[in-house]
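Derivation of every value follows stated rules applied to the coordinates shown; laboratory data play no part. This one's a predicted model, so the numbers in the text were calculated from it and none came from an experiment. Note that we place each Cβ from the backbone using ideal geometry, even for glycine, and neighbour counts take in every protein chain shown.
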Amino acid sequence: MISDTKRAVLDLFHEGRNHYKLMEFSEAIECFDRALELDPEDGPSQVYLERCRHYVEHPPEPDWDGVFVMQTK
């Protein structure tokens, strides 16, 4: 059985991913931040939060397909 907290984290992550795919990075950041307030160890939210912060500073091309390409190791 999944806890209510974990369900809320999953819901926020799902909402954040939807914003991410639509290049709505500020909205996505809000979702991932809220998920991490509930579970600071949520790895997927941590990863997407960093990606969104990157894209706020370095927006992808308009034809972006949602794939994050690492520039460094």
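When the dipole is taken about the Cα centre of the chain, and only Lys, Arg (+1) and Asp, Glu (-1) are charged at their Cβ, what size is it in debye, to the nearest 20?
For this selection, approximately 220 debye.
Taking 4 °C and 1.567 mPa s as the conditions, I'd like the Stokes-Einstein D for the chain in µm²/s, using the Kirkwood hydrodynamic radius from alpha carbon pairs. Walk me through the numbers on the way to the answer.
Working: Rh = 12.6 Å.
The estimated diffusion coefficient comes to 103 µm²/s.
DSSP loop chymotrypsin sites (Phe, Trp or Tyr not before Pro) in the chain with at most 15 other Cβ atoms within 10 Å of their Cβ, which ones? Working shown, then result.
Values: sites: Phe13, Tyr20, Phe25, Phe32, Tyr48, Tyr55, Trp64, Phe68; in loops: Trp64, Phe68.
Answer in residue order: Trp64, Phe68.
Roughly what angle does helix 25-38 make with the longest principal axis of the chain, taking Cα atoms, 0 to 90 degrees, to the nearest 10?
It works out to around 30 degrees.
Of Ala8, Gly43, Trp64, which is farthest along the charge dipole of the chain in the positive direction, counting Lys and Arg as +1 and Asp and Glu as -1 at C-beta?
After comparing all options, I get Gly43.
What angle do you read, to the nearest 10 degrees and between 0 and 90, between the alpha-carbon axis of helix 43-57 and the longest principal axis of the chain?
That helix lies at roughly 30 degrees to the long axis.
With label points built 7 Å along Cα→Cβ from the Cα atoms of Glu50 and Leu38, find their separation and express it in nm.
Result: 2.3 nm between the two label points.
Quick one: compute the contact order of the chain, relative version, from alpha carbon pairs under 8 angstrom and 6+ residues apart, as a percent. Present the calculation step by step, with values, prior to reporting the outcome.
Values: 60 pairs, mean separation 20.7, N = 73.
Relative contact order of the chain: 28 percent.
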